[in-house]
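What follows is calculated from the coordinates using simple rules that are stated; it is not laboratory data. From a predicted model like this one, the values you see are computed outputs, not experimental measurements. A quick note on method: Cβ atoms are made from the backbone with ideal geometry, for glycine too, and the neighbour counts reach across all protein chains shown.
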Amino acid sequence: MNHNFNPESLMMGYGYKPELSEGAIKCPIFQTSTFVFKTAEEGKSFFEVAYGKRAKRPNEELGLIYSRINNPDLEILENRLCLWDEADECAVFESGMSAITTVLLEFLKPGDLLLYSNPLYGGTDHFINEFLPKLKIDTIGFDPDESIAEVKNKIKASGKADKLALVFIETPANPTNHLVDIESYKNLAKEFSSANHEVIVAVDNTYMGPIWQHPLKLGADLVLYSATKYIGGHSDVIAGAVLGNSELMLRVKTLRTFLGNMAGPWTGWLLMRSLETLKVRMEQQQSNAVKIADYLENHPKIVETKYLGLLTEGCEQYEVFKKQYSGTGAMVSFSIKGGEAEAFKLLNSLKLIKLAVSLGGTESLVEHPKTMTHASVNEEHLTKLGVTDSLVRLSVGVENYKDIIWDLEQALEKV
């Protein structure tokens, strides 16, 4: 009798054969640099696929070569991550930024045009605006208040419409929770594509994933994660991931091979451990966030609270939310009355919530985006996007929500 198991059930053992590892119930850490071939012909065949000289044949298993190319911990992890987004292939990297930069470097070349959403994570913004121009790659950013029609006009006015190669979207946006309609930008990409030139759409799904949004199902060609965040979920490992169809992922994996920025066996093992509790962790974090956002929304010292669960029916952002998301997430941003001094007073007065960058961990984390994660972004542009001196970003953890609220309450009393 056949049964389609849910991803959270398959996380316990999918892709792993205990009989190949002395019957161990959990996948061991394969701490090895290289692997032995049975024959020279086998080695040749493995390298042909690994170096992109030919596509993998139906039912052909990619053999183990060298841990820069593949490793059992890495491959099993990648197979399991594919289940959430229903992707053909996955590539795991040693950091979220290595995943992002590898995609940008693979699908952009000198003379190309990149279209990207604002705001972005500070590291991504810096790479796009400070490094890509050195490669003679042009970039156009679009803001939350710009319509699709306005964005199309910007592309055409640039004189580089025929050079548009990649659309990079971060949704929800870090740190404002602004939503971007993936389907609309996929249609834009198709409009600027031609018979021999396809514009790729890549979506950073770190804030939602891989539980509450599935960009590949919404038309995206690639989905990216800082796996450090919810996928890792314990603030003890740095990693990134890219998923998509086999054709595009062959290009991503081939460049990863030569850049050497793949994740190692320890990282793979740690992330496999984390995947087993991914859904229960994220559901608890979301449950907490709903209550905390409601508390902040009604606090007299808070000017505005940005949380997907607070979107009101009838607005454009609510319509995007209903179309794209199955949950409201666990990221809350809020603006306190005053400015940097008041925000810092709040941050310095917290007792349970940790003052640290990153997000998605089991512990609640709080930070000041303008002077921390987004410090390298143009200040005037940040202010325009709502990333002001008074904005605080909160990643809600799995603690008892009453304790988190108590901590916020006692800190706000000191402001």
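Beta bridges per DSSP, both residues in the chain: antiparallel share near 55 percent. Does segment 267-415 classify as rounded, prolate or oblate by the C-alpha gyration tensor (a ≥ b ≥ c root eigenvalues; a/c under 1.5 gives rounded; else a/b over b/c gives prolate, otherwise oblate)? Verdict is rounded for segment 267-415. Distance between the modelled labels on His381 and Asp294, one decimal in nanometres: 3.8 nm (7 Å Cα→Cβ projection).
Between the Cα long axis of helix 340-349 and the first principal axis of the chain there is an angle of about 70°, rounded to the nearest 10.
Checking the table Lys301/Lys384; Lys186/Lys301; Lys229/Lys351 against a 30 Å threshold on Cα-Cα, which pairs fail? The answer is Lys186/Lys301.
With a Förster radius of 22 Å applied to the C-beta separation of Lys136 and Tyr66, the computed FRET efficiency comes to 0.05.
Positive contributions from Lys and Arg (+1) and negative ones from Asp and Glu (-1), summed over other residues with Cβ under 14 Å from the Cβ of Pro133, come out at 0.
This model, with +1 at the C-beta of Lys and Arg and -1 at the C-beta of Asp and Glu, gives the chain a dipole about its Cα centre of some 620 debye. Anisotropy class assigned to the chain is oblate, per the alpha carbon gyration tensor with a/c at or over the 1.5 cut-off and a/b no larger than b/c. The Cβ shell under 11 Å around Asp162 holds other residues with a net charge of +2, Lys and Arg each +1, Asp and Glu each -1. When the GluC sites (Glu not before Pro) in segment 4-65 are filtered for DSSP coil states and for at most 12 other beta-carbon atoms within 10 Å of their beta-carbon, the remaining sites are Glu22, Glu60, Glu61.
Taken about its Cα centre, segment 116-258 carries a charge dipole of about 460 debye when Lys and Arg each add +1 at the Cβ and Asp and Glu each add -1 at the Cβ. Summing Cβ point charges (Lys, Arg +1; Asp, Glu -1) relative to the Cα centre of segment 33-161 gives a dipole of roughly 640 debye.
For the pair Glu247 and Ser193, the difference between a 0.36 nm per residue extended length and the Cα-Cα distance amounts to 17.7 nm. The residue list Leu20, Gly329, Val242 was ranked by how far each Cα lies along the charge dipole of the chain toward its positive end, using unit charges on Cβ atoms, and Leu20 comes out on top. Calculated FRET efficiency, Cys315 to Phe5, Cβ-Cβ distance, R0 = 45 Å: about 0.75 to the nearest 0.05. Here the simple spin-label model places points 7 Å from the Cα toward Cβ, and for Lys354 and Phe37 these points are separated by 4.5 nm. Between the Cα long axis of helix 72-85 and the first principal axis of the chain there is an angle of about 50°, rounded to the nearest 10.
For Lys109 and Met12, the FRET efficiency from 1/(1 + (r/R0)^6), where r spans their Cβ atoms and R0 equals 51 Å, is about 0.75.
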